[in-house]
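This report concerns only the one structure given below.
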Amino acid sequence: MKNQSKLVLAAFLLSATPGMLTARTIASQMPETNLQPAKKVVKKKAAFLPPTMGWSTWNTFALNINENVIKQQADAMVKTGLKAAGYEYINIDDGYWNGRDADGTLRINKEKFPNGMKVVADYIHSKGLKAGIYSDAGDNTCGSGNKHPWGLGVGLAGHEEADCKTYFIDWDYDFIKIDYCGGAHMGLDEQTQYTKIGNAIKHCEQMKGKDIVFNICRWAYPGNWARNVADSWRTTGDINGHWDNLKGIVKENLYIQAYTYGGHYNDMDMLEIGRTLNPDEENLHMAYWCIASSPLLVGCDMTKMSDHSLNLMKNRDLIAMDQDHLGIGAPVVYRDGEVYVVAKDIAQVHGTKRAVVVMNLSDNAQTISFPLSAVEFTGKVKVHDCLTQKDKGFAQKNFTTTVPAHGATAFYMTGARIEPKTYEAETAWLSKYQEIKNLPTARPMEADNASQGVCVGYLGNDADNYMEWRNVWSNNGGTYKMSIRYASAENRNLSVKVNGKEVTSFSNLNSGDYTKDWKTVTVNVKLHKGMNKVELGSANGFAPNIDKMTLQKM
C-alpha cells in the first residue's frame, strides 16, 4: 500500500499542470488513513498544511473593524514576536461589506475600508503575513442579524464562483472562514452548499497556484464529508471567554479526536487568551488546543497583552504539539472524575515520544496519579514540563501531577513504548458520525459502568454506520485474543472485521441493559506487524452498545 501510494503521488506530480501543486492537492493523493507508521522518521514536514496559526478580529472587535485596526494588529503580530513564533494569518471577520450592486458585485464599507480590501491584504503581505477573510454559506451574514442592510445578500449563495474569484484572485486573500447563519436562514443542505463553495475555492487555488485555507463554521461537527471539502471545521458554538463555556467546549471535543488527521482539523474556535480567563484557565485553553491540533487564532487585542498571555501563546513546546507533522488528535487515555488525561504521538507513530496533557475541569485543585501504561510507556520515562519548558527528570510505573482548579499540566514523555491492550470505543472513528442532523448515527454517549464512563451507541442498522479503530498496533504481528465489552437490553448482532476482512459475527448479544450491565465476547484474530484496523458494525439492525476492546497476545 505504501509503495502503491507513492506511485499514485508520483504520477500525479508528473501530470499536474503548473501552479497546481498545493499542499491540499498533494495531500488528497495520500492514502485515506489517520496514521502512517514508519520504522524511522524520514522527513520532518508533512505533505499537508498544519493547523492554522494567526489572529482574528471577531472576539475583541466584532463588527467594529476598519483598515487601521487591521494594520495595527498586523504590526503587533510582528512586534510582539508572535509572527516569529509561527502565527501568520491576519483574518478579517464579519462587518466589512455594504450590500451588493444590482449586478451582484460586492460593495465594501468605504467608511471602514476607504482603500478597499486589496490594499489591506497587500499591507498584511508586506509584513510577511497572510490575509484572511470571511463570508457566509447562505445569503446573510451572522452579524447582520438578517435585518441590517449592509449584511443582507452578501453571502456566497448564488455567487460562489464570482465571490471566490473576488476574494482570492482579485484581492489575494489566503484564508476564508465561512459561517452558516445565512445557510440556516435559507434552509440549505450543508454538505451540498459547502461542497459547492469548496470546489470554487479549489478552482481558485489552481488558478493562483497557492494554498487557500478553508474553515467551515457550522458550530458542530458536520460529518466526515467535511474533510473532502475544507481544511478545518468548527465543532462547537462560539467561544465567549467564560469558564463554563470553555469547559463545555473541551468536553464536546474529548471524544471526537479521531476526525483530526491528514491535514484536516477539528476547530474549537478562537483563543480567548489575553481577554477574560485567569492564568490557570489560559494554560488549560492553550494546552488542550495544542495537543488536539486545533487551529490557533489569537482573539485578543495584540497591542494589549499581559506577559503571561503573550508568553503562553509563544510557548515553543506547546506550539510544537499543535504543529507536529503527524497532525493528529489526542484521545482520552485516563480519567479520574473531572480530571482527564489526553495523549498523542509526536514525530513518529508509535515512536518513543508522546505529548500528554492533564486537565482538571473541577473547581478544586486535584492531585492525580496514573500508570504510565495508560500513556503506553514502560520502564524509565523521561518527563519534560511544557508549561515551564524544563525537564522534570524521570518517572517509573506511575506518574503524579497536581493540577490547579480549571487548569492543566502538559508534558513531553519519552521512553520505551508498549503495545496498547485496551481500545476505548469512544476513541474510534465513527463512519457516519455528525452533529447537525437528528439521525440515529453512531455516537459517543455517557454510560453507567462503562470503563471511562463513556461508550458508543446507535451503532449499525446500516452497513455504513460502523466504528473503526484505525490505530491498532502490534509490535510483531500474530494471533491475539480479542475481547469486546458490550451492553444491550435486547438481542442484537455484531460483526467484526480486521483489516477489511470479516472474522466473525456474533448473534443475539444481550446483557440485560443498555448502559449498566456489560458482558464480553471473544474471538481470536490475526494482526499484521505495525498498524491494523478493527471494524465493528451490524448491517441489519442496531448493534449493542460498545464499551471497549482488549487484546491479549496468544
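The values are calculated or read from the model by the stated rules, or taken from the named source; none is laboratory data. It should be emphasised that the depicted structure is a prediction, and the values quoted were computed from it without experimental measurement. Note that each Cβ is placed from the backbone with ideal geometry, even for glycine, and that neighbours are counted across all protein chains shown. The protein model used for the area step is the full one, side chains on, heavy atoms only, and it has no ligands, DNA or RNA in it. Shrake-Rupley method; radii C 1.70, N 1.55, O 1.52, S 1.80 Å.
Per-structure values
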| quantity | calculated |
| --- | --- |
| Positive-end residue of Met313, Ile124, Ile92, charge dipole of the chain with Cβ unit charges | Met313 |
| Relative contact order %, the range 147-263, counting alpha carbon pairs below 8 Å whose residues are six or more apart | 22 percent |
| The chain: relative contact order as a whole-number percent, Cα under 8 Å and 6+ apart | 11 percent |
| Degrees separating the helix 117-126 axis from the principal Cα axis of the chain, which is the longest one | 70 degrees |
| Chymotrypsin sites (Phe, Trp or Tyr not before Pro) within the range 169-255: DSSP coil, no more than 11 neighbouring Cβ in 10 Å | none |
| Surface per residue (accessible, 1.4 Å probe) for the chain, Å² | 40 Å² |
| Ranking by accessible area, most exposed first, for His285, His308 with a 1.4 Å probe | His308, His285 |
| Loop trypsin sites (Lys or Arg not before Pro), the range 485-554 (other Cβ atoms within 10 Å of the site Cβ: 12 or fewer; DSSP) | Lys529 |
| Paramagnetic reach from Glu446 in the range 507-547 [backbone N under 18 Å; point 7 Å along Cα→Cβ] | 514-517, 546-547 |
| Net charge of neighbours whose Cβ lies under 9 Å from the Cβ of Glu190, counting Lys and Arg as +1 and Asp and Glu as -1 | +1 |
| The chain, accessible surface, carbon-and-sulfur percent (1.4 angstrom probe) | 48 percent |
| His350, His148, ranked by accessible area, largest first (probe 1.4 Å) | His148, His350 |
| Cubic angstrom per residue, convex hull over Cα atoms of the range 123-251 | 135 Å³ |
| Antiparallel bridge percentage (DSSP; both residues within the range 175-306; nearest 5) | 10 percent |
| Linear extension gain, Lys519 paired with Thr303, 0.36 nm per residue minus alpha-carbon span | 71.9 nm |
| Global geometry of the range 266-309, whether rounded, prolate or oblate, following the gyration tensor of its Cα atoms and the 1.5 cut on a/c | oblate |
| Vicinal HN-Hα couplings computed from phi for the range 64-74 (Karplus, 6.51 cos²θ - 1.76 cosθ + 1.60; Hz; Gly/Pro x) | 8, 10, 7, 4, 5, 4, 5, 5, 4, 6, 4 |
| Charge tally in the Cβ shell below 11 Å around Asn115, where Lys, Arg are +1 and Asp, Glu are -1, Asn115 excluded | +2 |
| Net charge of Cβ neighbours under 14 Å - reference Asn146; Lys, Arg +1; Asp, Glu -1 | -3 |
| Estimated inter-spin distance, Thr352 and Glu502, nm [label 7 Å along Cα→Cβ] | 4.5 nm |
| Three-way shape label, the chain, alpha-carbon gyration tensor, a/c 1.5 | prolate |
| Solvent-accessible ranking of Met531, Met359, largest area first, probe 1.4 Å | Met531, Met359 |
| Neighbour cut-off at most 16 other Cβ (10 Å), DSSP loop, trypsin sites (Lys or Arg not before Pro), the range 402-462 | Lys421, Lys437 |
| Antiparallel %, DSSP beta bridges [both residues in the chain], to 5 | 80 percent |
